[in-house]
Each structure stands twice: as structure tokens, then as C-alpha cells.
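The block underneath contains the structure these notes are about, expressed in C-alpha cells.
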Amino acid sequence: MPTDRIQYVYHKDNLQKSEPTRTKPEDLKSEEMIINLGPQHPSTHGVLRLEVITDGEFVKEVIPHMGYLHRCFEKHAENLPYNQIIPFVDRMDYLASMNSEHVYVMGLEKMLGIENTLPKRIEYIRVLVAELNRLASHFVAIGTYGIDIGAFTPFLWLMRDREHIQRLLEWVCGARMLYNYIWVGGLFYDLPVGFEERCADFIKYLKPKMKELEALVINNKIFIQRTANIGVLPLDLAINYGCSGPMLRGSGLKYDLRRVDGYSVYPELDFDIPVGKGDMGTIGDCWDRNYVRVLECYESIKIIEQCLVQLTGTHKRTREFDPQAMVPKKIRPKAMDFYVRGETPKGELGFYFRSTGNTDIPYRCKGRSPCFVNLSVINELSRNTMLADLIAIIGSIDVVMGEVDR
């Protein structure tokens with residue numbers, strides 16, 4: 001390119017003409033600068049914009065700007081029957097649709113008073129597919145986090161293994177990511193013949209791969225140097241901000257709604273709740289949060305194995321089993337305000353319903369997104385860190401913007 005060509009012309013009103021910022025130029029100190037990260041840059045995971053106030057390479061403040069991927073979920077929910085909202089629930093956290101469906105459907109079943117009458121086979125199938133989806137979600141979280149801080153190989157390995165899960169779930173319901181499989185009162189369909197055996201083969205294949213993942217990423221010297229003592233989230237701060245999931249457990253609190261609320265058949269299953277212990281740095285740092293996700297993959301594997309034992313033993317398939325036998329023709333709960341919550345890979349997903357009792361369309365349906373709540377603490381995590389570490393902090397939160405901009 002010719003050196004005499006002007007590539008950029010500065011105008012003092014450029015900032016005012018761009019996307020709005022909370023910070024005004026006149027509020028900046030002499031050495032401070034406003035930098036916009038996103039919304040197009042992969043390091044902000046697609047459609048998140050961060051207004052970053054820097055002093056040299058140090059971050060002074062981070063203001064997240066959202067709304068670039070507005071799903072209109074809650075407005076859709078006010079205009080559709082309860083059962084037709086499930087596909088929109090799928091599209092909130094599109095990496096963990098089974099988990100989101102499970103929570104939503106469980107809430108409606110409690111509103112209808114049928115939560116304790118479902119066949120155990122249905123409950124075990126729900127937990128099985130939800131834990132498979134939890135694995136797939138954590139694989140994306142850990143793999144893309146590797147890319148965020150400069151490691152490409154873990155992403156390829158984990159996407160390869162996630163693809164096995166996607167194919168299994170596609171075999172179950174016909175969709176790779178947005179399933180509409182868990183219905184109010186039952187399931188879209190029973191597991192395909194041979195699914196349990198193929199799923200068991202996958203788990204047998206996956207166990208040694210998890211050991212490889214630990215050696216490649218978690219115990220890697222470079223990974224430890226980039227994540228240990230970075231983005232430390234003290235436990236009291238995590239609790240005060242309402243953080244949940246690996247964000248909260250990474251700070252040392254053994255709090256998992258599968259244990260706390262004991263919903264579905266989780267009380268009948270044996271699994272542990274991993275927490276951050278500061279093995280490589282400080283409790284609640286980026287390394288702890290990722291290590292908790294890896295350990296949760298091991299626990300999901302344990303849960304899947306126990307579900308497969310039940311689904312091929314006590315609650316095996318029979319000719320008489322109909323997964324849609326208890327699906328109501330019309331979902332019309334009594335007039336009430338109701339809140340339900342469950343543990344997704346990102347944390348506590350909740351749905352608040354307000355029903356009027358005379359229609360099958362909710363008067364109000366609000367989603368409580370764990371990604372939205374967890375993202376709110378980013379300013380506290382990033383203050384006085386290096387700009388390069390900000391990307392590592394964003395990735396360790398594991399946000400899906402479809403759920404934030406619900």
C-alpha cells in the first residue's frame with residue numbers, strides 16, 4: 001500500500017458517532033483511554049461489547065454492553081402456549097438445551113401437580129440426556145477457553161469428542177443442538193433401540209480422553225501461568241453478586257442445585273460436587289474455574305453410567321412404555337406465581353411464571369439467566385489487571401450471549 005495514502009482521519013466527534021459509551025471523554029484522566037472490545041471480536045464470544053477504561057496496559061474499569069443478540073424470549077413466551085415455548089427455551093443457552101428444557105418442563109409439571117407421577121424411566125432418560133449435554137457444554141467452554149489464551153489443539157480435541165455427543169443426541173430426537181425433546185409430562189420419544197449400548201461405548205472411549213485433556217490443558221505449565229492468580233473471585237463477592245455454577249464452586253462453595261434441591265432422580269444418584277481449592281494459585285482464580293469444569297465432566301460420566309444401569313435394568317424398555325402417555329393435551333395451570341430453578345452447566349437457571357388460570361398462555365414468563373448474573377461481576381474481576389488477562393477472565397466466566405440477551 002502506498003505510504004502517502006491516509007488510512008484514518010481523526011475527528012473529535014468520532015466517539016459520539018460510534019456506539020454509546022457510559023464514560024465521557026471529559027471524565028477520563030490524562031493517561032486513561034476508552035477501548036471497545038467487541039461486539040465482533042471472538043475474544044468477547046461473539047456479541048458482547050466491553051467498554052474498557054485503561055491506563056497503559058492496566059484495566060481500570062470494564063462496563064459490559066449487551067443487547068446485540070436479543071432473543072425476545074420473554075415476549076415470545078407471553079404469546080405462545082406453554083408447550084410451544086420449549087423450542088424458544090432451547091435457543092437461550094443453545095449449548096445446553098437439554099438442561100434448559102429440563103428446568104422449564106419441571107416447573108410446569110410442579111404447577112400442574114404431576115411431578116411425582118412420572119414413570120422413573122422418563123426421569124432417568126431426562127437426566128441421561130441432560131448430563132450428556134452438560135459434557136458437551138463444558139467441552140465447548142474448555143476448548144474455546146484454550147483458544148482465548150492461545151492454545152488451539154485442545155479446542156480441536158474437545159470439538160471432536162463433543163461431536164460424538166451431538167450425534168448421540170441427534171439419534172435420540174433428530175436435532176443436533178436445539179432438541180425440543182423433553183416435553184411437559186414426558187418425552188418426545190423413547191431412546192432408540194441400541195442407544196444405551198452405544199452410549200456406554202462412548203463413555204468407555206471418553207474416560208482416557210479426559211486424562212489426556214488434564215495433561216494437555218489443566219496441568220500444562222503455560223496454561224497454569226496464564227490462569228493461576230488471574231481473575232480471583234473471593235467467595236463473599238461471588239455470593240453477594242448471586243454467582244452460581246462453576247463460578248461459585250470455583251470460589252470454594254460446595255453448592256449445586258442437583259444436591260440442594262434434589263430434583264428429578266438426582267437424589268438417587270451418587271456424584272460429588274467439585275470445588276476450587278487453589279491448587280495452582282488462589283482459590284477462585286481462572287484456573288480453579290476451569291478445573292471445576294473438568295472435574296464436573298468426570299461426575300457427569302459417573303451419573304451417565306448409573307442412568308445406563310437403571311435404563312438397562314430396573315427401568316428397561318418395555319412394549320407398554322409410552323413416553324407421551326402423561327403429556328397433557330392442554331396445559332392450563334391454576335392462577336399463581338411460581339419460580340423453578342435447576343443446575344445447568346453455567347449455573348442456576350430459573351423460570352418465573354405468572355399464570356391467570358383461564359388460558360394456556362402464560363401472563364408472564366421470565367428467565368433468570370446464570371450467564372447474565374455471572375457476567376455482572378466482570379468489573380470486579382478485571383479491575384487493575386493487565387489488558388491481556390481480561391480475555392482470560394471473560395473466557396473463564398463461560399457466557400452464552402443467547403441466554404444473556406434473552
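The values are calculated or read from the model by the stated rules, or taken from the named source; none is laboratory data. Source: prediction; values computed, not measured. Don't worry about glycine lacking a Cβ; one is built from the backbone with ideal geometry, like all the others, and counts go over all protein chains shown. These area figures cover heavy atoms from the full protein model, side chains too; ligands, DNA and RNA do not enter into them. Shrake-Rupley method; radii C 1.70, N 1.55, O 1.52, S 1.80 Å.
For Leu158, the conditions (1) of a type in the set (A, V, I, L, M); (2) within 14 Å of the chain's Cα centre (by Cα); (3) open to solvent by less than 10 Å² (accessible area, probe 1.4 Å) are fulfilled apart from (2). If you filter the stretch 93-122 down to residues that are in a helix (DSSP H, G or I) and farther than 21 Å from Lys346 by Cβ, you find that the one that is nearest to the chain's Cα centre (by Cα) is Leu108. All of His138, His164 fail the test of being in contact (Cβ under 8 Å) with a residue 24 or more places away in the chain, closer than 25 Å to Leu253 by Cβ and of a type outside the set (A, V, I, L, M, F, W, C), apart from His138.
Summed over the stretch 191-245, the residues that are hydrophobic (A, V, I, L, M, F, W, C) and assigned to a loop (DSSP other than H, G, I, E, B) give a count of 7. Among the residues of the stretch 301-320, some residue qualifies, meaning at least one is among the small types (Gly, Ala, Ser) and either at pLDDT 95 or above or under 29 Å from Lys204 (Cβ atoms) (or both). Considering the stretch 256-291, and only residues there that are in a loop (DSSP other than H, G, I, E, B) and open to solvent by 70 Å² or more (accessible area, probe 1.4 Å), the residue that is nearest to Ile125 (Cα to Cα) turns out to be Asp270.
Residues of the stretch 216-235 that are open to solvent by 70 Å² or more (accessible area, probe 1.4 Å) and either within 22 Å of the chain's Cα centre (by Cα) or closer than 14 Å to Val294 by Cβ (or both): Asn219 alone. The condition (being more than 30 Å from Val184 (Cα to Cα) and charged (D, E, K, R)) is satisfied by just one residue among Arg71, Arg5, Arg91: Arg5. Taking the criterion of being out of contact with any helix residue (DSSP H, G or I) (no Cβ under 9 Å at 6 or more places or on another chain), more than 16 Å from Pro345 (Cα to Cα) and not hydroxyl-bearing (Ser, Thr, Tyr), the residues of the stretch 357-387 that qualify are Gly357, Asn358, Asn379, Arg383, Asn384, Met386, Leu387.
Any residue at all in the stretch 125-138 that's β-branched (Val, Ile, Thr), buried (at least 21 other Cβ atoms within 10 Å of the Cβ), under 30 Å from Ala335 (Cα atoms) and out of contact with any Asp or Glu (no Cβ under 6 Å at 6 or more places or on another chain)? Yes. Within the stretch 324-344, being part of a strand (DSSP E or B) and either out of contact with any Lys or Arg (no Cβ under 6 Å at 6 or more places or on another chain) or basic (Lys, Arg) (or both) holds for Met336, Phe338, Tyr339, Val340, Arg341, Gly342, Thr344.
State yes or no: is Gly67 more than 30 Å from Ile203 (Cα to Cα) and in contact with a strand residue (DSSP E or B) (Cβ under 7 Å, 6 or more places away or on another chain)? The answer is no for Gly67.
If you go through the stretch 292-322 and pick out every residue that is closer than 22 Å to Lys120 by Cα and open to solvent by less than 10 Å² (accessible area, probe 1.4 Å), you end up with 6. Considering only the stretch 69-84, I want to know if a residue exists there that is open to solvent by less than 60 Å² (accessible area, probe 1.4 Å), touching an Asp or Glu at 6+ places or on another chain (Cβ under 9 Å) and over 27 Å from Leu112 (Cα atoms). Yes, the stretch 69-84 contains a residue that is open to solvent by less than 60 Å² (accessible area, probe 1.4 Å), touching an Asp or Glu at 6+ places or on another chain (Cβ under 9 Å) and over 27 Å from Leu112 (Cα atoms). Restricting attention to the stretch 359-397, the residues that are closer than 16 Å to Ser100 by Cα and either polar (S, T, N, Q) or surrounded by 24 or more Cβ atoms within 10 Å (Cβ to Cβ) (or both) total 4. If you go through the stretch 52-76 and keep only what is touching a residue at least 60 places away in the same chain (Cβ under 8 Å) and more than 21 Å from the chain's Cα centre (by Cα), you end up with Val52, Thr54, Glu57, Phe58, Val59, Lys60, Glu61, Val62, Ile63.
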